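Structure, as structure tokens:
Every number here is computed from the coordinates shown, using simple stated rules; none is lab data. Every value quoted in this text rests on a predicted model; they were computed, and no experiment measured them. With ideal geometry, Cβ positions are generated from the backbone for all residues, glycine too; neighbour counts draw on all protein chains shown.
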Amino acid sequence: MWGMLIKLTCILVLAGVLAVPNALASGGPLFALVGGAGVSDGPTRFVPVINNSGNDTTLERISTKDGTVGVTVDLVGQWGVPSTAAGGAEGLSPNGSRLVLSDVGNGQTSPSKFLVMNPRTMRTVRAITLKGYFSYDAMSPSASRLYLIQYIRGPADMSHYVVRGYDLRTGRMLPGRIADRTQKSWVMEGYPVTRTRSLGGRWVYTLYTNPAGYPFIHALDTVRGVAHCVGLPMTNQNGIYDIVLGLHGRMLSVHWRSGRPFVNVDTTTWRVSPAHRGGFPWWTLAFVALAPLALLVRRHHHRPANLNRKRADILILRDEAPEPELVA
């Protein structure tokens, strides 16, 4: 049954039946975030702020420990940190050596522009200008490859797009598209909901909506530049924005924010299986903890009267107070 649902998902994607989700249809997707919390690598936060002129940007490096502003750099034009699934700020490479900034019009204006910064020196490493409509998607752990979303129909229909690779070492767009090789001519449709990454950042797993059929997970290998499409058995997607992805070893868990499990995806075979509520049986721990107390109470109530009297005499002779009785 699960295999049939996955195949059906891929057929629906190929047929082009995905639609824009209501949660994003009114305001449109966010491609660049200006101000706010920016993007962080842990000890440092990078925040682009539009300066007083309203036309240029100041990139600030801020300590997350005490909020002090360190090095700043002025950039010509309006720039922001990329925003992808669920509006989360991104743009930092997993190894922290590169920071990508997006022109605030990326995805909606052509040409699309990006700035590749060295966050340690706060200097521009490369300026990227691409003819067409692109937005940021991901970066490889070594910051050698940048992955972009290309909207093949432009801003008039931003639910149809493909993933492209860009070589940051040579400054060239890689030929072809990054897609599941088992699905030739596959075009992604819909909008991202949420995502998670593997340890080290090699794999990026993004959940996409599909109101006309089944949602799917796009698994991107940022090192090899390959992807896999995994369909999920979910016909009613009204609550899809309450779904969370979590990676546990080779198992990708798809569950609700409440903790209630939904399905699991094996990231080695890409098989989808029902998830069952598990966890540690806390009631057994409570039983083990209360068992000695219950035994003590039982022994106290069944102790012979003369034994209790003798023990009290011994305690008094030793100038000690008798033990207090247990209160039920």
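What to note about this one:
- Peptide packing for 217-226, 137-146 was compared via the average number of neighbouring C-beta atoms within 10 Å per residue; ordered from the highest value, the list is 137-146, 217-226.
- Evaluated over the range 57-127, the Cα radius of gyration and Dmax, each in Å: 12.6, 40
- Inter-site label distance for Asp242 and Arg257 at 7 Å from Cα along Cβ, in nm: 0.9 nm
- For the range 98-112, 3J(HN,Hα) per residue [Karplus equation, 6.51 cos²θ - 1.76 cosθ + 1.60, θ = phi - 60°, Hz, x = Gly/Pro]: 9, 10, 9, 10, 10, 4, 4, x, 4, x, 10, 10, 10, x, 8
- Each label point was placed 7 Å from the Cα along the Cα-to-Cβ direction; for Thr170 and Val223 their separation is 2.1 nm.
- Note on Val71 and Asp266: their simple-model spin labels are 4.8 nm apart, each label 7 Å out from Cα toward Cβ.
- Taking every alpha-carbon pair under 8 Å whose residues sit at least 6 apart, the range 219-264 reaches a relative contact order of 20 percent.
- Cβ-defined net charge surrounding Thr170, 14 Å radius [Lys, Arg +1; Asp, Glu -1]: +3
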